[in-house]
Structures are given as structure tokens and as C-alpha cells.
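A short write-up of the structure that comes next.
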Amino acid sequence: GKGTYPHYMLKEVDEQPAVMRRLLTEYVDDAGQMKIDPAILKAIDDADRIYIVAAGTSYHAGLIGQSLFEKLAEKPVEVHVASEFGYHMPILSKKPFFIFLTQSGETADSRQVLVQTNRLGYPSLTITNSQGSTLSREANYTLLLHAGPEIAVASTKAYTAQIAVELFLAVALGRHTAIKAAQDFDVNHELALVATGMETLLSEKQAIEDFTTMYLKTTRNAFYIGRGEDYALSLEAALKLKEISYIQAEGFAAGELKHGTIALIEDGTPVMAFLTDAKTIDHTRGNLQEVRARGAKTLTIVSEDHAQAGDQVVLPNVNPLLAPLLGIIPGQLIAYYASLQRGYDVDQPRNLAKSVTVE
Ligand code: F6R
């Protein structure tokens, strides 16, 4: 049940620090070694490219996973939306390895791709919250999310659990092939910091609620902007907002705004920016100035190290590769409060089902 919580979504958002800690006990031993079947590492090592296939929020977790695999394992990765990939399959590399990210393990769009890759004889791994699910049974290997049941339609703890499991896999893979970045990455330490950082953010809900009351309660549209992983984060934060508050929200690559979309900015349009990627923070701050000059109401979500006077949501410092695990928390909370304040059913939004079993 949801206990003392008014909604499953809020309960599941609050569970995320505990899920991070549980995942550490499931996947990492005291010496910091990953507890992952070596056969999985060998199969991925034998491949020349990882293809991550997923839908919705799981697709967004795949985008974060891409940087983890590239930076910690130096492995080329492509991330694809399942419903597109299945019918417009690109020319594949010579030795592909497929990773299916799916909370439910039952998503028809993802399954139709797995049916094809099985037919073609390509090796595959399903990362899922649901042991014994269809995609788990039909792939060669499975890694579980251990997030506990996710009841709210809007996916929250499964997203952060997916990123954590991708991290474990990327580190294990990188060490398997003697990549220094993976050898040096102290998973126990870094993910424990993330769990504590999540707790800090979750204890400061009031500021998020206040911003939401001021700028999102009646708006027609809203934008999230960022670059790189902050762009991937923007896509996920915007999806959360769309699905439960029905605000037309877009996640946008901050640098692309000026190529057309900035025309949509009016007096009062909310624009939220993720600022965790050191290389691009200054540029994105410049984009914020441009939208502010056109009347936008802005919110900055910024890593502590890069915070300046006037920044609103400060994310406790963690390893920059893991900043998305913290960045998404205010995104989830903004969606929650916007839905609540607009009088909607947070856990059961219109037109949506928890698991989408039709193509
Ligand atoms: C968004 C959401 C959906 C799912 C998508 C994939 O909050 O829940 O976008 O992420 O339908 O579902 P799974 O991960 O079960 O394959």
C-alpha cells in the first residue's frame, strides 16, 4: 500500500535513496567488485557495438546509459526508440549486442524488436524490474532493477534504478577490458553519495512546490533545457510533466532554442534548465539570459560546484557522471506538484496505462 503517503508517486520518489542502497548490496561487494555474471561481460566484450532499445522513460535512462558505457567502458553505443527501430532498422554493426531497458518487461514495442534480434541471432540482455517477464524470458541474459513494485503510472524509481544498473554494467565492462576510468571508479562511495544527495533534495520539497505554484499552476506550456546529459535529463523531466500535469512541456537541446523554438517564449513561459555538465554550463546560462529577455520565468537546477548567487535548486556534489541521478529529483517533484495543484489524478493520469502491451 501507499502507507501514509497521499500518492504512490510521492512514495516511489521518496524511495529512491533506499533503492540506490539496495542496488549496491545486490550488485557490488565490499571490495567494490561488481556481482555481474561474467558471461554477460564476455558477450558484450565480443560485440563491437551496444544497441540500447527502449520506450518512454526507459529510453531516457538509455540516453544516460550511453554516456556511462562510452566513458567508463569506451564502448560505442546507439540508443533507439523501440517503436521506430523495429520498422526502420538502421544498418547494424558487424557484431551488435542488444540491451532492452524495460521496467515492466512487457512493452510490446520493445518486444517486437527482441523477436527480430532473436531471429537474427544477436545476443541480448534485458534490464527489468520484473523477474519472469516476457522480455526477461526471451533475452539471453537479465539484470534486475530491484526497485520494488512501481504502481504510479509515471515512472520514477525505475528510471534511477536503470541508470544505476547501467553504471554497474559499464564499470564491470570497463574493468573487464582494463579501462582506467572504470578501474578508478569507486562505485560504493559514489553511489552512497548519490543516495545521501537524494535525501537532501527530498528534504527540500517546499522550494520546488513554491516555484510550481508560482509558475506552473496555470501555464499552457513549459520548457526544460540542457546540453549533453542535461539534455537527456530535460527530455525525461518534460515527459514527467506532460503525462501527469497535461502541460505541453518540451525537453530541448539548449543550443537549438535559438534556431526556431525561442519564438514560443512569451511573458511568463516557464523555462527550467539543468546545469550539471561543466563543459556547457556557461553556454546554457547564456541561453537562459536570452529567454529571460523575452519574458520567460526561469528555474536553474545546478550542481553545487557550479552554483552562483541566484540559482534556485542546488544539487549536492556527486561524481559528474552520476549528476542525472540527482537532477531528475526536482524534475519528478515539479511534475508531482503541478499535477496536484491543477487538480489531476497523480497516480492514474488520463489515457495512460502502466504497461503498454500494444504496438
Ligand atoms: C513514463 C512511463 C513510460 C514508460 C514506457 C516504457 O513515466 O512510465 O514512458 O517508461 O511505457 O515502459 P517499460 O519501461 O515498462 O518498457
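Bear in mind that the values in this text are calculations on the coordinates, not laboratory data. These numbers come from a predicted model, not from an experiment. So basically every Cβ, Gly included, is an ideal-geometry build from the backbone, and we count neighbours across all protein chains shown.
Using θ = phi - 60° in the Karplus curve 6.51 cos²θ - 1.76 cosθ + 1.60, the 3J(HN,Hα) couplings for the range 6-16 round to x, 9, 4, 4, 5, 4, 5, 4, 5, 6, 4 Hz; x is entered for Gly and Pro.
When Rg and the Kirkwood Rh are both derived from Cα coordinates, the Rg/Rh ratio for the chain amounts to 0.95. Hydrodynamic estimate: the Kirkwood radius of the range 210-273 over Cα pairs, inserted into Stokes-Einstein at 4 °C and 1.567 mPa s, corresponds to D of 110 µm²/s. For Leu143, the amide hydrogen comes within under 5 Å of the amide hydrogens of Thr126, Ile127, Thr128, counting only partners 5 or more places away or on other chains and with H modelled in the peptide plane.
By DSSP, the beta bridges lying fully in the range 1-102 are antiparallel in about 10 percent of cases.
Return the equivalent ellipsoid semi-axes of the range 70-164 as a descending list in whole Å, where each equals the square root of 5 times an eigenvalue of the C-alpha gyration tensor. Please list the in-between numbers first.
Values: eigenvalues 99, 51, 33 Å².
Over the Cα atoms of the range 70-164, the ellipsoid semi-axes are 22, 16, 13 Å.
When each of Thr280, Thr177 is scored by the number of other beta-carbon atoms lying within 10 Å, the sequence from fewest to most is Thr177, Thr280. Each residue of the range 259-275 was assigned a 3J(HN,Hα) from its phi angle through the Karplus expression (A = 6.51, B = -1.76, C = 1.60, θ = phi - 60°), giving 8, x, 5, 4, 4, 7, 6, 10, 4, x, 4, x, 10, 9, 10, 8, 10 Hz with x at Gly and Pro. When DSSP beta bridges are limited to those with both residues in the range 37-190, what percentage is antiparallel, rounded to the nearest 5? Within the range 37-190, antiparallel bridges account for around 0 percent of the total. Here's the list of lysines a cross-link from Lys180 could span, going by alpha-carbon distance under 22 Å and ignoring same-chain residues fewer than 8 apart: Lys35, Lys42, Lys71, Lys75, Lys279.
Over the chain, what is the percentage of antiparallel beta bridges among all DSSP beta bridges, to the nearest 5? Around 5 percent antiparallel, to the nearest 5.
Magnitude of the charge dipole for the chain, about its Cα centre and with charges confined to Cβ atoms of Lys, Arg (+1) and Asp, Glu (-1), is about 580 debye.
Between the alpha-carbon centres of the range 300-359 and the range 1-75 there is a gap of 18 Å.
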